[in-house]
Structures are given as structure tokens and as C-alpha cells.
Amino acid sequence: MALQLVGEENHNFPVWLSNLGASFRCRFQHTGEREDIDAAIRNQEAAVRLVPAQPGLLNNLGNSLLLYFEVTGDLTDIDNAISNQLRAVELVSENDSNLPSFLSNLGASYLTRFDFKGDLQDAKSAILCQQRAVKLFSEGHPNLPGLLNNLGSMLVAQFNHTGDLEDISNAIAHQQTAVQLTPAGHANLPGFLGNLGNSFEIRFRRSGCLEDIDSAISNQQVAIQLTPTDHSNLPTLLCSIGYSFVTRSRSTGDSMDIESAIAHQQRAVQLTPKSHATASSQFLSSLGLSFAFRFERTGDPDDIESAISYQQKAVELTPQSHSNLPLRLGDLGVALRIRFERFGDLVDIERAISNQQRAVNITPQGHAALPGQLANLSASFAARFMRTGALVDIERAIATQEQAIEYMPTGHIELPVHLNNLGNSFLNRFRIKSDLQDVESALANQERAVQLTPEGHPRLAAWYNNLGNSFRTRFWRTRELPDIARAISYHQRAVDLTAEGNVYLPMWLTCLGNSFGTRFEHTEDLRDIETAISHQQRAVDITPDGHAGLPLFLHNLADSFRLRFAISKDEQDILQAISVWRRAATQNVGHPSTRLDSARRWAMLSEEHNGPDTLEAFRVAIGLLSQVAGLEQTIHSRHKSLADMSDLTASATAAAFAHGALEDALAWLEQGRCIVWNQINQLRAPVDRLRAYHPSLAGRFLQVGRALEASAYRQQESTAISQAVTPQTITIQEETHAHVQFAGDWDRILAEIRAIPGFHDFLQPPNASYLLSRLPQEGPIVIFNIGQKRSDALALVSGCDTPLHVALENFSHEQVLGLSGTLRKYLRTRDIQRDDEDLEVDRSGHKVPPLGMQGSLYKVLGSLWANAVKPILDALGFSGLTSDRPRIWWCPTGPLAFLPLHAAGIFAKDRTARSSTCDFVVSSYTPSISSLLDKLNETPTDRRRHDNLLLVSQPETPGHSRLPGAKKETEALETMMSSHSIESRLLEGAAATASQVKEELITHNWVHFACHAVQDIAEPLNSGFHLHDGRLQLLEIMQERLSKTDHAFLSACQTSMGDEKLSDEAIHLAAGMLAAGYRGVVATMWSIQDKYGPEIATTFYSHLLEEGRSPTSEEGVSVTKLDGAGAGRALDFSTQKIRETLGDGERALLAWLPYVHFGV
């Protein structure tokens, strides 16, 4: 009102305007109302416009802009504050009484900008301003305490960046002086006490001296008591003391401190206006840390949910350029990792790593917080390793932890934590690489961690437990009893130091039990196994349902019951083991591999002891296979996960046969094999019916399916990348995170679809009745099971409600392995490189040695005929010779996949004694029954109306031997197609690049490759065709989604060879072409001879074209088509023709025997 009565011409008007602004600012400091600070700046800016060179007016405006920045977080505000305050300082003389306060205010603004941007120069400028201001004040000046307090705050800020202990000690000294010089009742005393308390807490985190943390809390408590309840600084004081309580609780284990921390921090959050974004983010982050810490003590799921919620909000409220953003991101990552370790959701650990990588990436080199950020990231890599077993994760954990320790100052209180974690990572790497030096490194780091940790420290129990794990692991290698004795001693100490209700107690107990069990295996002292069971049982009893560790605890307990049975022979122990393994296998959380191993042991033990639930156990185990090779993994990782599971499906199916459960046997052979191919087919499943009911859901299904499949083809992350945080590793982590999220989205969409009436079985594994209802009329499908205990086959015949079971009593697993080994050895003799120019060349680039070097192929084919094929044909009634031979589809499993069922027979010199598969049936193969039935049941409209053939020829591939037959072959086919008015496109030599071939595949429904190819033994997914510019790999082919394609002829070596370690996954080029969309494929089981390639191919197409010629119409026009439905018979005709020409000598058999037909 007074200013309205005075005109601007009054020389005091600018000062009055500025003072009015100061009053608004003062009220804002008490109320926090945004309108007050807006009014303050508005009046003070007006004052400066009237008198631009008045230092006092500039200083006042700078002070208000500083407060305004703390509300808005807009860097322009703090830059303007510094600009105005710096000008004020420059305009006053050295003797001006206002200079010290102006310098102090300028220093405060520099400090605030440092807190936001992290530029160390701002901290140095702040300290210089403050030190200059302090020197200008004489002893007893009333403003001196404030300057000393501010100087202390600036030194603290610099310490947080540099970690220099001298800074924090000097800060405490200045702040203690400020408190001593401030009279009781002074308005600034609470703030000075609060800052002094903060500095003591910070020094404690470095020194570990309990006197420091006690001093921190006592000063902060007094500060809070002296602060009015409506003061704007109260939330900051409350948050700070809460942080100090957490810090003390971590050191002492006092649970009351954590409760006090949460109470104070919750009050701070409640008192802070939402408009104060910077303060809110700090308070929320601190509160989140406290909830996460309490969760680690109590295990209450609500605590970790609250922690993540608060941390996420803190990150969202922190500006992208704020210097505290790395801390916020790192703390959020820690909370996510903790939740992952409790519940096992992979999305959490991927989010944790993503946030922590980002935190490390934006933390400046040399910053005091960097070691902690690196250590947190290392812990998350280690946690993911425990789930995935990926070597790259544990390598990164070790490298990152070593880097954190390297950056950490000597004597840092957190050093034992990092040493312990590094030791754990070395131990985990030993479990993968079996290098004993890793165990020694683990012990060295863990023992040092124990030595540096004072008695009574709450983390000491964890250090003891981990040290015990390392001694137990070394005992497995050394078998020296002192190692296992020390392991038990350390595990016992860990248990003794851990209070009831602590979330880690179950883990300590199970580890203690494991060590007793390990010693029992060596000594067979029953007291050890009794003790082991007692501890492991207690661990299970106190672990809540839904805990990710429960399956492991149960698994260990069950194994101890099994071990005790080996000595006691008490049947009750076996029943207990079966019961506990059953419980472990049927948990809904925990590592899928642990649950699968439990299910397998449950099944095997039940079968061995005639348990009633053997089939149920195997059913659970088969169902878990797809989780072990989950969609959140890359294709490569899934195959690696399945490598040790090859015998499970065979064992389960054998048990089903033994129990007469033929439908279970059939269903498990489908569900437990070709798992990755089945997953790819599911992601590409048609949704026409779903779209009619729910178009938006169908759209989401297709979108997520495509994204999930694309993620699966990612290349494996290399362990050669030494640093954990680079642009490349951040990109890789973003892709991994997205992949895991897509997998979660997929599961949720499937659940949503299956909740729709009529869609309950959408993409569920097919049961036997469904498979039997879709069989082809042209002939049966025969699927084998070669188990350790028995071998069987199921023939699926159209019109029959049940499979035809054929027990292969004279065809054992050992015999099949023997035949397969003999054949491989025989074929290897053909792969010897020779200098003899007269030797024939095959299409893997090998020269074929003379007959004298070859083994007994007849023996293999004869045994295969007598013990496998003939019993099946007899059971089917296909024993009589007929001109119209039926078709048959073979679906071999296990080691049988490498044997030529289509060529089994007796090839005697006496023609009357000859008998072979091809005399009775026309053979085709299929990787799985479902994939064949899906292609057989495609509607004709799904194919192209007009045929066109892509010819790919590489007669002279760079780096490989010449294939003159390839050129002859494709030229003949090009001429043949032209004569029948069928369009063809030839890519030969330099024109046949990988990219060009993939592009042309899209526009052609037939493709014929005549080139070198290889089955990559080391990396099956790298198998491929050798083209002009390199290899067109299987992994690339798998990614194609070719529509309206018909058939592929792979006139190249090893295109259906597959991987011996994963025989049931059909990892070969033929399966890849089927997955890409081709209805049928002609492929080769091993190397083929270039000499006979043209004859077999031209005869094949000639017969196909002859069969595809339509009758002449009334217009006199005859149309010839390439009909892939006749490809199986065409290949049979072609091989029979060459057989007629060459006879049945071993060399002659090799000309046609490798050729096989897959699919329709």
C-alpha cells in the first residue's frame, strides 16, 4: 500500500521495492508458497531495472533467484543468481561492510550450482568466496558464525566429490566453531547444528568411528528440537537425521534406529510442498533407502515395494542434468536388485543394471561416489549371473568390483563390503571355469574383508558365511578335511551372529547344512548328515512361501535325505526326499533350473522306488523345460540352457511307455523336443480367429511377438569388452532390458487371451488327441524314443484314435550310439584332405578317398533295418512290395537323428536277398509332428499362384574348392524351367551375396542352392551356405518370415546334419528353411559329391514337372507347375534312378544316401 502512494520518481523507491521483495522471500522461507517467491523476484527485478548498478539490489535479487532455483531446478535461475551476486561483489570496495555477506551469498550460489552440475570448479569458487568473507570479519562479528557454517558446507560438498579427508575434518572444525559462537535462541542455530550433524555422519561413512555417528544424531536431534514446526528447513533436518539413523543401524544392527529413520523421513516428505521438486526428490530417495534397508532385515514385501516406489519418484523429480541424478539412479538400482533377489523377476535385475550403468556413465571420473556406483553395478551383474549363468556377467562383476576397489581411498569403511563381493564373484567364476586360482582369490579377498570388519558389525555374519562357502568349494577340489572343517566353523559363526527373523538366516542355515552334508559325503559320519538335515529343515521352515530362494533350500534338504538313505537304508528317507523335491519342483518362483533339477530327481527317485507319482513328476519336469529355455533369453542362450537336458524327454517318455501311457508319451515327445523351433512358431502363430473376437488384443499379440522374436536373435555379449560401462554395453543392456520386458508382456497377453471363453488352450502344448485329429491321409508319421532303459516308436495313422506302439526290443540306446559312432567314423575317413587330383570333391570342400579307406556302411544300414525300420513297417502292414508305395514321415529323436532311416536295408549282392526302406515306402522326415501338421493343414490360398525358382550357384566360392558340378546343375535347371515356361532367376558367383539372396527369397516360392555349406560344430547357429561374400548363416535364415513359399532344394553338404549335443533341437539348415516358411526341403545329412549333384537335381525337377503337367485344355494349352506336394516322391524317384545306374556298392550308396526330404 505504501509503495502505491509513492511514485517511482522517489529516490528511495527502488530500495523499498527490493525490501518488499525480501519480505516476500522471508515469508516464502517459512510458508513455502510459490506465490511469495514469485512476488519477491518480480519486485526485486523491478528495483534492479530502476537502478542497475546498486550492489545491494543486485545481491538481494541474486538471493531470491537462488531460492527460486531450489524450487524450479531451472539452471537459468542459478546462473542469473550468480551473475547478479558476482556483479554486486565487483561493484563494492574491499572496505565495504557489505562485502563479506555478498561474498557469502555468492559462495552459496556457487555451491548450489555445484550440487546440481557437479562441476568441481564451482565448489572451489564457493570455498574461495567463503574463505575471503571469513577473513574480512573480525572475531565477535555477529555474521561470522554464518560464514563459518557456510564454509563448512562448501568443504563438505568438495569432500563428497574428491573424498579428501582433510576437507571433511576442516568442515567439522568450522561448523563446530559456528555453533560455539552462536548464542542460544538464535534463529540460525538449528541450521548450524543440522549441518554439523550431517558432516559427522559423512565422516563416519568414511572412518567408521561410532563417536562420529553418535555426534551426528545428537546434533541433529537438538537442531530439530529448536526448529519451529512450520519452518521450511524442518523437512531437511528430519530427512538428515533419518539418514543418520540408517547409517548407524547398518553399523550396529539396532532395529530401533531404522524405525526412527523411517518415521523422521516420512514426516519430512509430508511437510514438503510438491512444488519443491529438488527437496522432494532428496527426501523420497532417503525414505526409499530406509525402506529397502528394513526389507533386508524383515523381509516384509511391502517395504521393498515402498522403497522402489519412492526411489522411482525421486528419479522422476530429479532433473536430467542434476549432479544428484547418478545417486538417485544407483539407489533405485539397488532396490530393484534386492527385490529381484527376493522374488526372482528378471525384469527387476535388468532395470537395476540399466539404471546403475547409467549412473556410472554420468558420474565424473574421480568423483568420490564412483566406487560405490561401480560396486552396486557389480553386485547386480553378480545377481544376474546367479540366475542366467552367463560367463560375461561374472566377468563384468569381477572387473567392475576391482575397479571400484582401485578407486576407493585407503581405509574406507565400505572397503570390506567390496572385498567380500569381489570374493563372491571369484567363487562364482570358479564354478564355471574350474580354475582353482579363482577360489584362492575368493578366499584372499573374503579373509581380508573379515579382518577389516570389527566384531559386532552386522555385516560380519555375511562375511563369515561367504568365507565358509569358499572353503567348502576348495574342499571339493582338494578333499582336505581342514577346509571343510573351517567352512563349517565360519558358517556356524554366521548363524550364531544372526538374529531370529533376519531375512538372511535361512541362507546361512542352508549353507551350514550344505557343509555338514559335504563332510558326510567324505566321512559317512551319520552325525554330520543328521546335523545337515536339522539346519536345512530349519531354513525351509522359516522361509516364507513365494521366496525365490525356497526351491534351492528345499532342493538341498531333499538331497540330504537322499544321502542319509544311502547309509541308513531307511525307506522313510527316500519318501522324504521325494516329497521335498516335489515341493521344490512345484514352486511358482525361483530359478527354473533349480526347479527342473528337483523335478528330474523327484521323477528318477520315484521311478527307481516304484513311487505312484513318477508320471506326474516327469510331467512337471517336461513343463519346466520351456521355462529353463525361456523367451527372455536369446536363441543361443536357450540352446545352451537345453544342452544338459537332452536325456530328460527320453527318460520321461520311456517311463510313459513303461506305464502304458501312450498319449503322455506322444505329448511329451512333442513338448520336450524342438523347444526353440516351437517357440518361434508360437510367436508367428496366426490370429485370424482371435482377431474376429478381439482385434486389438490380436494386434498386441502380433506386435509383441515380433518384438520378442527380433530380440531373441541378438548376438551374445562378448566377454572381451573389458569395461562394464561403455556406449556399446549400455546399448546392449537396453536391448536386454527390452527383451525381458517383451517376454513379460507376452506372458501377460497369453494370460489375457486364455481368459477369453473358447481360448483357454491358446498356444498350449498340443495333446495327443489334437495331434491324432490332424494326421495326413498319404501315410503315417513315426516318432521314436531312444531311452536309456528302453526304445520305442509310435506310428500315427490317420483315422486311428490311438497311436500304434512298437516296442523296439533289440534296439538299445547303446546300440544306437554305436551305430551313430560307427557312421561318423566312417564319414570322417571321407573327410581326409588329400593332394590326389583324381579324387572326387564333395560340397563341403573335401576330397573323397578311395573305397579301401571306407568302413562298413552295410553293417550300419543292415542293423538299422533289422532292429528299427522293419519292425515298424511290419506293424503297419507295409511288408508287401507294391508299385504304389505309401508315404511315411520319420521323426527320429536323440542319437537316431543322425542315422539314415530312409536308406536302412540289406544291400546284398544277391538281389533276391535285398530289402530296404525305399522298397516299401517313400520316406520324408520332420523335426516335429506339430510343424509337419501345421504345414499340411495350410490352405491352398496361402501359396503363390505362379511358380518361380531362385537358383543360387557358387561354382568358385572365395576360400573354397571349385564346384564345377554346381554350374552345370543350375544351368541345366535354368534351361529346364524355361522350356516349361516357369520363371527362374540365377544368382551365380559374385551376384550371389548373402543380402541379395535374402532379398530374392522374398519374391520366389522355390529356391535351389548349389554351393558349399557347413554344419558349424562349435556354434550350430553359425551353420550356413558359403556365398560369394561370406556365410549366409542359419541364425539369419531363422529370422525370415517368408510367406507363400513352397519348396527349397539344398544341394549342398550337411544341410540337415544337426548338432550332436542338441540332437532333439534340430539345429540345421533344413529346419531353418522350414521355420522361415518353406513347406518342404530337400537337404543332405552329410557331405555330398559334386559329381552326382547335377544328375540328382535334374532328375528330381524333371519328375516333378512331369507330375505337375495339367491335361491339355480345349484351347490346346497345357500348364506345368512345380508342386511341392510331390517333392518327396520326386526325390525318391531321383535316388532310385541313380541307384539303378550305379548299383548298391558302398561308393554308389554314398551318391544318393545323404539326400533326404523334410516336410510336405
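The values are calculated or read from the model by the stated rules, or taken from the named source; none is laboratory data. Values in this document were obtained by computation on a predicted structure and should not be read as measured data. Positions of Cβ are generated from backbone atoms using ideal geometry, with glycine treated the same way; all protein chains shown enter the neighbour counts. Note: areas computed on protein heavy atoms with side chains; ligands, DNA, RNA excluded. Shrake-Rupley method; radii C 1.70, N 1.55, O 1.52, S 1.80 Å.
Summary of values
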quantity: Out of 960, 946, sole residue that is farther than 17 Å from residue 1072 by Cβ, within 40 Å of the chain's Cα centre (by Cα) and part of a loop (DSSP other than H, G, I, E, B); calculated: 960
quantity: Breaking point among (1) at pLDDT 90 or above; (2) open to solvent by 20 Å² or more (accessible area, probe 1.4 Å), for residue 1051; calculated: (2)
quantity: Options 957, 939; residue that is open to solvent by 30 Å² or more (accessible area, probe 1.4 Å) and at pLDDT below 95; calculated: 939
quantity: Members of the range 999-1021 found to be over 19 Å from residue 963 (Cα atoms) and either of a type in the set (Val, Ile, Thr) or buried (at least 16 other Cβ atoms within 10 Å of the Cβ) (or both), listed by number; calculated: 1000, 1001, 1002, 1003, 1004, 1005, 1006, 1016, 1017, 1020, 1021
quantity: Residue count, the range 737-763 (criterion: in a helix (DSSP H, G or I) and farther than 22 Å from residue 681 by Cα); calculated: 1
quantity: Test result for residue 559, closer than 13 Å to residue 580 by Cβ, assigned to a helix (DSSP H, G or I) and not small (Gly, Ala, Ser); calculated: yes
quantity: Pairs, first closer than 23 Å to residue 659 by Cβ and of a type in the set (S, T, N, Q) in the range 585-609, second open to solvent by 40 Å² or more (accessible area, probe 1.4 Å) and at pLDDT below 95, C-beta under 8 Å, six or more apart; calculated: 606/612
quantity: Residue 1102 being assigned to a helix (DSSP H, G or I) and surrounded by fewer than 19 Cβ atoms within 10 Å (Cβ to Cβ); calculated: yes
quantity: Condition broken by residue 1141, with the remaining ones in (1) within 23 Å of residue 947 (Cα to Cα); (2) open to solvent by 40 Å² or more (accessible area, probe 1.4 Å); (3) not aliphatic (A, V, I, L, M) satisfied; calculated: (1)
quantity: Single residue of 309, 323 found to be at pLDDT 90 or above and among the hydroxyl-bearing types (Ser, Thr, Tyr); calculated: 309
quantity: Those residues of the range 629-645 which are among the aliphatic types (A, V, I, L, M) and either surrounded by 21 or more Cβ atoms within 10 Å (Cβ to Cβ) or outside any helix (DSSP H, G or I) (or both), in sequence order; calculated: 629, 631, 635, 642, 645
quantity: From 951, 986, residue being modelled with pLDDT of 95 or more, open to solvent by 20 Å² or more (accessible area, probe 1.4 Å), touching a Leu at 6+ places or on another chain (Cβ under 6 Å) and of a type in the set (A, V, I, L, M); calculated: 986
quantity: Flag for residue 25 being at pLDDT below 90 and buried (at least 21 other Cβ atoms within 10 Å of the Cβ); calculated: yes
quantity: 2 or more residues under 21 Å from residue 380 (Cα atoms): qualifying helices (runs of 4 or more DSSP H) within the range 403-510; calculated: 415-433, 436-452, 460-478
quantity: Number of the condition not met by residue 1132 [criteria: (1) surrounded by 22 or more Cβ atoms within 10 Å (Cβ to Cβ); (2) under 44 Å from the mean Cα position of the chain (by Cα)]; calculated: (2)
quantity: Any hit, the range 302-314, residues being of a type in the set (Gly, Ala, Ser) and under 22 Å from the mean Cα position of the chain (by Cα); calculated: no
quantity: Test: residue in the range 293-300 that is free of Cβ contacts under 8 Å to residues at least 24 places away in the same chain and either more than 30 Å from residue 627 (Cβ to Cβ) or not in a loop (DSSP other than H, G, I, E, B) (or both); calculated: no
quantity: Listing of helices (runs of 4 or more DSSP H) fully contained in the range 157-260 that carry 2 or more residues being open to solvent by 60 Å² or more (accessible area, probe 1.4 Å) and over 29 Å from residue 459 (Cα atoms); calculated: 165-181, 210-226
quantity: Residue list for the range 430-445, filter: within 21 Å of residue 384 (Cβ to Cβ) and surrounded by 24 or more Cβ atoms within 10 Å (Cβ to Cβ); calculated: 442, 445
quantity: Sole residue being touching a helix residue (DSSP H, G or I) at 6+ places or on another chain (Cβ under 7 Å) and either part of a helix (DSSP H, G or I) or over 22 Å from residue 1122 (Cα atoms) (or both), chosen from 1050, 1042, 987, 1035; calculated: 1035
quantity: Residue 685 vs. criteria over 21 Å from residue 628 (Cα atoms), surrounded by 19 or more Cβ atoms within 10 Å (Cβ to Cβ) and touching a Leu at 6+ places or on another chain (Cβ under 9 Å); calculated: no
quantity: Odd one out for residue 456 among (1) surrounded by fewer than 23 Cβ atoms within 10 Å (Cβ to Cβ); (2) of a type in the set (Gly, Ala, Ser); (3) at pLDDT 90 or above; calculated: (3)
quantity: Output for the range 76-101, where each listed residue is in contact with a helix residue (DSSP H, G or I) (Cβ under 7 Å, 6 or more places away or on another chain) and within 26 Å of residue 32 (Cβ to Cβ); calculated: 77, 78, 80, 81, 82, 84, 85
quantity: Enumeration of residues in the range 316-332 that are within 14 Å of residue 377 (Cβ to Cβ), out of contact with any Ser or Thr (no Cβ under 6 Å at 6 or more places or on another chain), open to solvent by less than 20 Å² (accessible area, probe 1.4 Å) and in contact (Cβ under 8 Å) with a residue 40 or more places away in the chain; calculated: 330, 332
quantity: Matching residues, the range 974-1001, being out of contact with any Ser or Thr (no Cβ under 8 Å at 6 or more places or on another chain) and under 16 Å from residue 1072 (Cβ atoms); calculated: 994, 997, 998
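Every residue, every condition in (1) assigned to a loop (DSSP other than H, G, I, E, B); (2) crowded, with 21+ Cβ neighbours inside 10 Å; (3) in contact with a Cys (Cβ under 6 Å, 6 or more places away or on another chain), yes or no:
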{"residue": "350", "(1), (2), (3)": "no, yes, no"}
{"residue": "353", "(1), (2), (3)": "no, yes, no"}
{"residue": "361", "(1), (2), (3)": "no, no, no"}
{"residue": "365", "(1), (2), (3)": "yes, no, no"}
{"residue": "371", "(1), (2), (3)": "no, yes, no"}
{"residue": "376", "(1), (2), (3)": "no, yes, no"}
{"residue": "382", "(1), (2), (3)": "no, yes, no"}
{"residue": "387", "(1), (2), (3)": "no, no, no"}
{"residue": "395", "(1), (2), (3)": "no, yes, no"}
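Table: residues versus (1) within 18 Å of the chain's Cα centre (by Cα); (2) at positive phi; (3) part of a helix (DSSP H, G or I); (4) at pLDDT 90 or above.
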residue: 656; (1), (2), (3), (4): no, no, yes, yes
residue: 660; (1), (2), (3), (4): no, yes, no, yes
residue: 667; (1), (2), (3), (4): no, no, yes, yes
residue: 677; (1), (2), (3), (4): no, no, yes, yes
residue: 709; (1), (2), (3), (4): yes, no, yes, yes
residue: 719; (1), (2), (3), (4): yes, no, no, no
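Per-residue answers, yes or no, for (1) modelled with pLDDT under 95; (2) open to solvent by less than 30 Å² (accessible area, probe 1.4 Å); (3) among the acidic types (Asp, Glu):
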position	(1), (2), (3)
765	yes, no, no
785	no, yes, no
793	no, yes, no
799	yes, no, no
805	no, no, no
808	no, yes, no
